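Q: Got a structure here, written out as structure tokens. Questions coming.
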Amino acid sequence: MSEERSLKEIQKEWPQTLKLYIVGFFGSLGLTGISFSLTAWEVFPKEILIPVLVLLALAQATTQLVFFMHMGKEEKPRWMTLVFSFMVLVLLIVLVGSIWIISDLNHRVMP
């Protein structure tokens with residue numbers, strides 16, 4: 001079974017957790033600022049800008065998962081990581097299936 005930790009042991013981890021939150025917050029702000037700046041100032045053409053924004057969005061999602069949700073830092077077995085991976089798989093199936101159906105209908109119905 002799991003051991004109960006004292007309040008003093010838990011409080012020793014707080015400064016480290018606060019540092020992680022601050023780094024994650026400023027990292028997210030930086031990625032958001034970069035995305036906004038690239039879009040507002042039209043630095044890249046549209047064909048290049050969209051993949052760059054997708055990569056920045058994935059970087060921001062990873063930053064938030066690691067720094068705020070502490071993904072991958074739980075004790076074994078890693079149930080939260082497993083549940084998150086399953087959720088991503090289901091979302092990808094729905095997304096790819098929807099795009100496939102819409103493109104197939106577009107091909108069949110449109111002249």
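The values are calculated or read from the model by the stated rules, or taken from the named source; none is laboratory data. Fair warning: this is a prediction, and the values are worked out from it, not measured in the lab. As a convention, Cβ positions derive from the backbone with ideal geometry for all residues, glycine included, and neighbour counts pool all protein chains shown.
Q: When you go through Met110, Met80, Met71 one by one, which is the residue that is over 30 Å from Lys19 (Cα atoms) and at pLDDT below 95?
A: From the options Met110, Met80, Met71, the qualifying one is Met110.
Q: Would you tally the residues in the range 9-52 being out of contact with any Leu (no Cβ under 9 Å at 6 or more places or on another chain) and part of a helix (DSSP H, G or I)?
A: Total satisfying the criteria: 30.
Q: Can you find even one residue in the range 72-82 that is basic (Lys, Arg) and either within 16 Å of the chain's Cα centre (by Cα) or surrounded by 10 or more Cβ atoms within 10 Å (Cβ to Cβ) (or both)? Even if it seems obvious, please write down each step before you answer.
A: Keep residues of the range 72-82 that are basic (Lys, Arg), which gives 73, 76, 78.
From the residues that got through so far, the ones that are either within 16 Å of the chain's Cα centre (by Cα) or surrounded by 10 or more Cβ atoms within 10 Å (Cβ to Cβ) (or both) too are 73, 78.
Within the range 72-82 (the criterion being basic (Lys, Arg) and either within 16 Å of the chain's Cα centre (by Cα) or surrounded by 10 or more Cβ atoms within 10 Å (Cβ to Cβ) (or both)), the answer is yes, since at least one residue qualifies.
Q: A further question follows. Could you say whether any residue in the range 99-106 is among the small types (Gly, Ala, Ser), without any contact (Cβ under 8 Å) to a residue 12 or more places away in the chain and not in a loop (DSSP other than H, G, I, E, B)?
A: Yes: the range 99-106 contains one or more residues that are among the small types (Gly, Ala, Ser), without any contact (Cβ under 8 Å) to a residue 12 or more places away in the chain and not in a loop (DSSP other than H, G, I, E, B).
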